[in-house]
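Asks: First, the structure itself, so that you have it in front of you.
The values are calculated or read from the model by the stated rules, or taken from the named source; none is laboratory data. Bear in mind that the values here come from a model prediction, so they are computed numbers and not experimental data. Positions of Cβ are generated from backbone atoms using ideal geometry, with glycine treated the same way; all protein chains shown enter the neighbour counts. Just so you know, the surface numbers come from the protein's heavy atoms only, side chains and all, with ligands and any DNA or RNA stripped out. Shrake-Rupley method; radii C 1.70, N 1.55, O 1.52, S 1.80 Å.
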Amino acid sequence: MTRVCWRCGARTDDDRRVRCDCGEPLWLESDPEAAPDSWPSCIESMWDVLPLLGVDAPSPGDGLPAAAGGTPLVRTEPLDTGGVTLYVKPEGLNPTGSFKDRGTAFGIAAALERGERRVGTVSHGNMAESVAAGAAAAGMDCTVLVPADIADERLAAIARYGPRLVRADGDYGRLYFEALEAGRDAGVRFLNSDAPWRVAGQATTALEVLAQFARTADGEAPDALVLPVSSGGHASGAWQAVRSLTAAGLLDAPPKLCFVQAAACAPIAEAFARGDDEVTAVEGGATIAYSIANADPPSGNRALAAASATDGAVVAVDDPAIERAGERFAGAGLAVEPASATTLAALEPLRDAGVLDDGDTAALVATGRGFGDGGAEVATERVDLSAVDSLFE
Ligand SMILES: *Cc1c(COP(=O)(O)O)cnc(C)c1O
Ligand SMILES: [Zn+2]
């Protein structure tokens, strides 16, 4: 599994290396010759589309890895906005409720093939849950490094899979690099946000969208693929998917890759707005879209390049707009995390920027499930059993 730098093209066969000497993240080398030149006839899991990436991939095994992906692409007419026809990919249907299961599945399967028994991650959210679950399913040891001030309910959600939980004091952004280094020395495989195996697994979200859309639209692609971005790992996977499908001759007009951030913490969107090709770390404030608040994204430059290379964009939306979008999703019958609701909120800025237009089609990736995100006061009625018959008078 050769790894290659997206920016300078340097290659390495060291499968513990995640970054190039130039500082940019590596991804797995795609060989278009190795990819099929037609769409799969049936998609039950991510493994049915993964061959389209043309990378050297492990076989799925059982448990969580075998069950990841294969989510539907749903036409959602109630969400259509400003003349744009919308489809939604509900990634909450994955085993632990987010697309992170795709990257975990690839990572766990590849580690098992190498006889490795120890994995880890740096996360206090969906990635932590996903890696802990994947390790539990595979009978592997798992270490999860969480910030010292993690909320109790987050901790409980991760703890149910039985990983070793370590609260880390100090700069959580630095921890991403420190943990990789420590893991490398100790033989613990860290499946962090933009690790090459994770990116390859997460490329299957876009592969599936494009394969599913091609089936309904006579081989065409949607005009845009919209997804929230934090570390830039998922966005990188989407770009890797588009590049490999283009090289394999399956995409005539690739979709514009459009990424969304929360305005309170939007280093990639700010760099895009300035026309920069390098992301500068920001201070980063609080947002309800807690899953996408990375102030110093390790794959930020690559996400920026993906948006530019496909005529897409990176936009930011504020919390009130995210909240309204979440309510619209719910009104269409879909429970999504605030991070995922950003995709719908992004339609207005994308139209204003001329990236999307009347008559276009867009696929929104609803990256994570929206259960347990409550918190707001809810108004209810109350009834006594003896008076139920009067409820509908
Ligand atoms: C992790 C996550 C993201 C952001 O993905 P990155 O690969 O870090 O950019 C978006 N939405 C949800 C629900 C997530 O869990
Ligand atoms: Zn490089």
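Asks: List every residue pair whose Cβ atoms lie under 7 Å apart, where the two residues are 6 or more positions apart in sequence or sit on different chains, the first residue falls within the stretch 155-180 and is modelled with pLDDT under 90, and the second residue, located anywhere, is surrounded by fewer than 15 Cβ atoms within 10 Å (Cβ to Cβ).
Replies: From residues that are modelled with pLDDT under 90, the pairs are Ala168/Ala148; Asp169/Ala148.
Asks: Here's a follow-up. Mind checking which helices (runs of 4 or more DSSP H) fall wholly inside the stretch 287-393 and carry at least 2 residues that are touching a Ser or Thr at 6+ places or on another chain (Cβ under 7 Å)? Reasoning before the result, please.
Replies: Details: elements: 300-309, 319-331, 338-345, 347-352.
In the stretch 287-393, the matching helices (runs of 4 or more DSSP H) lie at 300-309, 319-331, 338-345.
Yes/no per residue for (1) surrounded by fewer than 18 Cβ atoms within 10 Å (Cβ to Cβ); (2) away from ligand 2 (no atom under 16 Å from the Cβ); (3) under 15 Å from the mean Cα position of the chain (by Cα):
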| residue | (1), (2), (3) |
| --- | --- |
| Val226 | no, yes, yes |
| Val260 | no, yes, yes |
| Thr280 | yes, yes, no |
| Pro298 | no, no, yes |
| Asn301 | no, no, no |
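Asks: Within the stretch 282-293, count every residue that is in contact with a Gly (Cβ under 8 Å, 6 or more places away or on another chain) and surrounded by 22 or more Cβ atoms within 10 Å (Cβ to Cβ).
Replies: To start, the set of residues in the stretch 282-293 that are in contact with a Gly (Cβ under 8 Å, 6 or more places away or on another chain) comprises 290-291, 293.
Subsequent filtering for residues that are surrounded by 22 or more Cβ atoms within 10 Å (Cβ to Cβ) retains 291.
The total comes to 1.
Asks: If I ask for residues that are open to solvent by 40 Å² or more (accessible area, probe 1.4 Å) and of a type in the set (Gly, Ala, Ser), which ones from the stretch 315-346 would you list?
Replies: Ala316, Ala330, Gly331, Gly333, Ala335
Asks: Quick check: anything in the stretch 28-44 within 16 Å of ligand 2 (Cβ to nearest atom) and farther than 21 Å from Val188 by Cβ?
Replies: Initial filter on the stretch 28-44 (within 16 Å of ligand 2 (Cβ to nearest atom)): 28-29.
Next cut, farther than 21 Å from Val188 by Cβ only: 29.
Within the stretch 28-44 (the criterion being within 16 Å of ligand 2 (Cβ to nearest atom) and farther than 21 Å from Val188 by Cβ), the answer is yes, since at least one residue qualifies.
Asks: Residues of the stretch 68-81 being open to solvent by 60 Å² or more (accessible area, probe 1.4 Å) and in a helix (DSSP H, G or I), which ones?
Replies: Glu77, Pro78
Asks: What residue, among those in the stretch 20-54 that are under 16 Å from Phe177 (Cα atoms) and within 16 Å of ligand 1 (Cβ to nearest atom), is surrounded by the fewest Cβ atoms within 10 Å (Cβ to Cβ)?
Replies: From the stretch 20-54, those under 16 Å from Phe177 (Cα atoms) are 20-26; that's our starting set.
Narrowing the set further to residues that are within 16 Å of ligand 1 (Cβ to nearest atom) leaves 24-26.
Details: Glu24: 18, Pro25: 25, Leu26: 23.
This residue is Glu24.
Asks: Moving on. Does Pro65 fit the bill of being crowded, with 20+ Cβ neighbours inside 10 Å and assigned to a helix (DSSP H, G or I)? Give the steps one after another, and end with the answer.
Replies: Working: crowded, with 20+ Cβ neighbours inside 10 Å: yes; assigned to a helix (DSSP H, G or I): yes.
It is true that Pro65 is crowded, with 20+ Cβ neighbours inside 10 Å and assigned to a helix (DSSP H, G or I).
Asks: Could you check how many residues of the stretch 303-314 are touching a residue at least 60 places away in the same chain (Cβ under 8 Å) and either touching a His at 6+ places or on another chain (Cβ under 6 Å) or open to solvent by 40 Å² or more (accessible area, probe 1.4 Å) (or both)?
Replies: Number satisfying all stated conditions: 1.
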